[in-house]
Amino acid sequence: MTATTQQRRSPLGLFPDKPTPRLYDRIIEVLRVRHYSLRTEDAYLHWIRRYIEFHKHEHPRRMVEGDVNRFLTDLAVNGHVAASTQNQALAAILFLYEHVLKQPLDRIEGVVRANRPKRLPVVLTRDESRRILGEMSGTPRLIGLLLYGSGLRLLEALRLRVKDIDFERRELIVREGKGDKDRRTMFPKAAVSDLRHQIEISRHYHEDDLAAGFGSVELPHAFERKSPQAAFDFRWKYVFPAAGLSVDPRSRIRRRHHLHESTISKAISAAARRAHITKRVTAHTFRHSFATHLIEAGYDIRTVQELLGHSDVRTTMIYTHVLNQGGRGVRSPADFDSLDSE
């Protein structure tokens, strides 16, 4: 059993003298009733633990807004955390008070905020994108092609189910993307053949699992209770299944999950090195490049916003600042015709 799994299954142990349900159990119950992901569950437990330990194991019911302020300020001043990390800690604490303790906090004021520097996304040129994909093969290459050709986030690609691919319309349906939103996007013609082959690989895994007495797959929210046989329906299978079975940390059922993100992240980094790309390339770089290259090609910003699944067009607008036109499209004076002729 991994350390993460052990932590998830054992109580926080901060208040052993208190009657059940212990704080840990109540937090887990509320998180799962509200359908939070395992990642969020782990993150919230981590920050709630840090908050309580910072205040020397004082029970949260006896703490007030000022105590929250001190903890968040300490993260920024002494912990030197990023703004996004501080915001995640605040979200966890607000969740604890509002949804678990039913004791909503008043306004949180006076917090020293962590710096949020403005960063432009790293964007590949079209040639660089082709070179990196050319250094990849097999399943990692197909996933990289979907990241660049469809604008998917890495987990969105890994969580694709067989039923969410429409070959006739050449369309993908992203289920429960960021913000728990569904959206449609296209996939490139170059991916059609490999996607069909990948689905056959998934089918073989499925048939082998059924023959071995397994074959179920995790279903979203309460759907498994409403339609228990759907867990064994091939249509619900992941397009990119993991090579081995694993134990679901919530249901404790042994089943086949999707590929792990690290497998693809490592493959992309290695391909970028082999292609001699000096930029810092991650899986998300392909998504940035997808958006930028569409805008370069003249597609409307609202169309790109919809394909990316952004709630606010201002999020999409950042790609207008990284178009392949160096220096906001301004010509360097060293390139003026008058200098060229001298």
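The values are calculated or read from the model by the stated rules, or taken from the named source; none is laboratory data. Everything quoted here is computed from the prediction, not taken from an experiment. Here Cβ is always computed from backbone atoms with ideal geometry, including for glycine, and neighbour counts include all displayed protein chains.
Counting only residues that are of a type in the set (Val, Ile, Thr) and over 29 Å from Arg314 (Cα atoms), which one in segment 245-276 is surrounded by the fewest Cβ atoms within 10 Å (Cβ to Cβ)?
Val247
Taking the condition of being surrounded by fewer than 19 Cβ atoms within 10 Å (Cβ to Cβ) and part of a loop (DSSP other than H, G, I, E, B), how many residues in segment 136-152 meet it?
Adding up the residues that qualify gives 1.
From the list Arg49, Arg62, Arg39, which one is in contact (Cβ under 8 Å) with a residue 12 or more places away in the chain and of a type in the set (Lys, Arg)? Lay out the reasoning, then the answer.
Numbers: Arg62 fails: in contact (Cβ under 8 Å) with a residue 12 or more places away in the chain; Arg39 fails: in contact (Cβ under 8 Å) with a residue 12 or more places away in the chain.
None of the others qualify; the one that does is Arg49.
Look through Ala242, Ala190, Ala231 and report the one residue that is surrounded by 14 or more Cβ atoms within 10 Å (Cβ to Cβ) and not in a strand (DSSP E or B). Reasoning before the result, please.
Numbers: Ala242 fails: not in a strand (DSSP E or B); Ala190 fails: surrounded by 14 or more Cβ atoms within 10 Å (Cβ to Cβ).
Residue meeting the stated conditions: Ala231.
Criterion first (assigned by TED's automatic domain parsing to the domain that holds Ile295 and closer than 17 Å to Ile264 by Cβ) does Tyr205 satisfy it? Please lay out each step first, then the result.
Values: assigned by TED's automatic domain parsing to the domain that holds Ile295: yes; closer than 17 Å to Ile264 by Cβ: no.
Answer is no for this residue.
Considering Arg113, Arg130, which residue is surrounded by fewer than 19 Cβ atoms within 10 Å (Cβ to Cβ), assigned to a helix (DSSP H, G or I) and outside the structural domain of Tyr36 (by TED's automatic domain parsing)?
Arg130
Which one of the conditions (1) surrounded by fewer than 18 Cβ atoms within 10 Å (Cβ to Cβ); (2) at pLDDT 95 or above does Arg61 fail to meet, given that it meets all the rest?
Just one mismatch for Arg61, condition (2).
I want to confirm something. Restricting to segment 165-222 and keeping residues that are touching a residue at least 40 places away in the same chain (Cβ under 8 Å) and of a type in the set (Ser, Thr, Tyr), which single residue is nearest to Arg254 (Cα to Cα)?
If we take residues in segment 165-222 being touching a residue at least 40 places away in the same chain (Cβ under 8 Å) and of a type in the set (Ser, Thr, Tyr), then Tyr205 is nearest to Arg254 (Cα to Cα).
Would you check which residues across segment 77-87 are in contact (Cβ under 8 Å) with a residue 12 or more places away in the chain, assigned to a helix (DSSP H, G or I) and within 24 Å of the chain's Cα centre (by Cα) and list them?
Ala83, Ser84, Thr85, Gln86
When the residues of segment 153-172 are filtered to those that are in a helix (DSSP H, G or I) and within 13 Å of the chain's Cα centre (by Cα), which remaining residue is surrounded by the most Cβ atoms within 10 Å (Cβ to Cβ)? Don't jump to the end; show me each part of the working.
Pass one, segment 153-172, residues in a helix (DSSP H, G or I): 154-158, 162-164.
Subsequent filtering for residues that are within 13 Å of the chain's Cα centre (by Cα) retains 154-158.
On the way: Leu154: 21, Leu155: 16, Glu156: 22, Ala157: 26, Leu158: 23.
It comes out as Ala157.
For segment 290-309, what are the residues that are out of contact with any Gly (no Cβ under 9 Å at 6 or more places or on another chain), in contact (Cβ under 8 Å) with a residue 24 or more places away in the chain and within 19 Å of Gly177 (Cβ to Cβ)?
Here is the first cut: in segment 290-309, the ones out of contact with any Gly (no Cβ under 9 Å at 6 or more places or on another chain) are 292-293, 295-303, 305-306.
Okay, now just the ones that are also in contact (Cβ under 8 Å) with a residue 24 or more places away in the chain, so 292-293, 295-296, 306.
Result: Glu306, single match.
Do we have Gln198 as at pLDDT below 90 and not in a loop (DSSP other than H, G, I, E, B) here?
On the way: at pLDDT below 90: no; not in a loop (DSSP other than H, G, I, E, B): yes.
No: the conditions fail for Gln198.
Filter segment 95-129 for residues that are under 22 Å from Thr315 (Cβ atoms) and in contact (Cβ under 8 Å) with a residue 40 or more places away in the chain and give the result. Break it down stepwise before answering.
Going residue by residue through segment 95-129, those that are under 22 Å from Thr315 (Cβ atoms) are 113-124, 129.
Residues satisfying the conditions are Leu120, Pro121, Val122, Val123, Leu124, Ser129.
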